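Q: Take a look at this one; I'll ask things after.
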Amino acid sequence: SVPALALFYGGLVRTKNMLSVLMQVFMIVSIAALVWVCWGYSMTFTGGSPYVGGFDKLFLKGVSGSTYAATFSNNVYLPEFVYVAFQMTFACITPALIVGAFAERVKFSSLMIFTVAWLTIVYFPVAHMVWYWGGPDFLADNPTDAGLIWSWGALDFAGGTVVHINAGIAGMVGCLIIGPRIGFLKEATPPHSLTMTMIGASLLWVGWFGFNAGSNLEANGVTALAFINTFVATAAAAVSWALIEQL
């Protein structure tokens, strides 16, 4: 998350704002990790209501090396710490994605406060509604133990709703509230290093192998399908982009 997004966004801004963007991404990921283990995991992945989880696992209370999380298959489990860490990566990268929408135009301290508030008020409830369910072994006992959107039959395999739509809307609203850059349409603001942007984009591609293939929670044929789709679809997108740029 950190070098990928930081270089991707940092290369697109002006030189004077490079350090600002690097620190924004770096600190958002760090703060989000702390928030996640303090109350985010509990709000996202415990029962309570269809809209948001409870506080039974605040500060990872009850999570240990001997507790497990369900996968999509009966009698197949992950160590819960592995699941906590995997889901933490999504929680860390999502608020950092928002930065690209209003890069160069936001105060650092305000952005850090926004990150904590947005994660708590928006991300955790949405992630609970989309991703939380009791697991296959428990459906017979409690078929209603699931988030609202999951109960509708939606399957967000690796964050299209929780990450991208969520961050996209936040970024759009942020742009509308903050407004255009000083000098917009009056002075040129070319990206200062497309080399860094290319490196960052490539690192993001690497990261999505972990997100997409990892979202199956098991190493099997579906995992392999997600892995090859992540490789081939991204390659197709890159070629399509290059051809359109040429035209």
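Q: Quote the FRET efficiency, to the nearest 0.05, computed for Cys38 versus Tyr68 with a Förster distance R0 of 25 Å and r equal to the Cβ-Cβ distance. Could the numbers behind the result be given before it?
A: Working: r = 22 Å, r/R0 = 0.88.
My answer for the efficiency is 0.70.
Q: State log₁₀ I(q)/I(0) for the range 19-96 at q = 0.11 Å⁻¹ as given by the Debye formula over alpha-carbon point scatterers of equal weight, solvent excluded.
A: Calculated log10 I(q)/I(0) at the listed q: -0.33.
Q: Another question about this same structure. Report the extension gain between Phe81 and Glu104 in nm, rounded to one decimal, defined as 0.36 nm multiplied by the number of residues separating them, less their alpha carbon distance. It would help to have the intermediate numbers written out before the result.
A: Numbers: separation 23, 0.36 × 23 = 8.28 nm, distance 3.65 nm.
Full extension from Phe81 to Glu104 adds 4.6 nm.
Q: On to the next question. Solvent-accessible area of Lys107, probe 1.4 Å, all protein chains present, reported in Å² to the nearest ten, please.
A: Spelled out: Lys107, probe radius 1.4 Å, area about 140 Å².
Q: May I pose another question? If the label point is 7 Å along Cα→Cβ of Trp205, which residues in the range 1-26 have backbone nitrogen under 19 Å from it?
A: Answer for this model: 1-12.
Q: What's the ranking of 34-40, 80-86, 174-180 by average number of surrounding C-beta atoms within 10 Å, highest first?
A: 34-40, 80-86, 174-180
Q: Please list 149-155, 18-24 highest first by mean number of surrounding beta-carbon atoms within 10 Å per residue.
A: 18-24, 149-155
Q: At 222 nm, what helix-only mean residue ellipticity would the chain give, in deg cm²/dmol to the nearest 500, using -39500 (n - 2.57) for each DSSP H run of four or more?
A: Numbers: 10 runs with 134 residues, N = 247.
Result for the chain: -17500 deg cm²/dmol, rounded to the nearest 500.
Q: Give the label of the value calculated from the structure for log10 I(q)/I(0) by the Debye sum over Cα atoms at q = 0.08, 0.11, 0.15, 0.17 Å⁻¹, choosing from (1) -0.40, -0.70, -1.04, -1.19; (2) -0.30, -0.55, -1.01, -1.29; (3) -0.35, -0.64, -1.12, -1.36.
A: Of the labelled values, this structure produces (3).
Q: Roughly speaking, to the nearest percent, how much of the range 115-216's 1.4 Å accessible area is carbon and sulfur? Working shown, then result.
A: On the way: 3930 of 5490 Å².
Heavy-atom surface of the range 115-216 belonging to carbon and sulfur, 1.4 Å probe: 72 percent.
Q: Keeping all protein chains in place, calculate the accessible area per residue for the chain (probe 1.4 angstrom), answer in Å². Walk me through the numbers before you get to the answer.
A: Numbers: 12930 Å² over 247 residues.
Per residue, the chain has an accessible area of 52 Å².
Q: Any idea what % of Cα-Cα pairs in the range 194-246 are farther than 12 Å? Walk me through the numbers on the way to the answer.
A: Values: 937 of 1378 pairs.
Everything past 12 Å amounts to 68 percent.
Q: Which FRET efficiency, nearest 0.05, do Ala154 and Glu187 yield, Cβ-Cβ r, R0 45 Å?
A: Details: r = 45 Å, r/R0 = 0.99.
Given R0 = 45 Å and the Cβ-Cβ separation, E is 0.50.
Q: So if I place +1 on the C-beta of Lys and Arg and -1 on the C-beta of Asp and Glu, and nothing else carries charge, what would the dipole magnitude of the chain be about its Cα centre? I want it in debye, nearest 20.
A: Details: 8 positive and 10 negative charges, 196 e Å.
Computed charge dipole of the chain: roughly 940 debye.
Q: Express the carbon and sulfur contribution to the solvent-accessible surface of the range 33-87 as a percent, rounded to the nearest whole number, probe 1.4 angstrom.
A: Working: 1850 of 2790 Å².
Summing carbon and sulfur atoms, their accessible area is 66 percent of the total for the range 33-87.
Q: Report, ordered by chain and residue number, the lysines lying within cross-link reach of Lys16, taken as a straight Cα distance under 26 Å and ignoring same-chain residues fewer than 8 apart.
A: Partners within reach: Lys107, Lys186.
The values are calculated or read from the model by the stated rules, or taken from the named source; none is laboratory data. Here the structure is a predicted model, which means the values were calculated and not measured. Cβ: placed from backbone, ideal geometry, glycine included. Neighbour counts: every protein chain shown. Heavy atoms of the whole protein, side chains included, go into the accessibility calculation; ligands, DNA and RNA do not. Shrake-Rupley method; radii C 1.70, N 1.55, O 1.52, S 1.80 Å.
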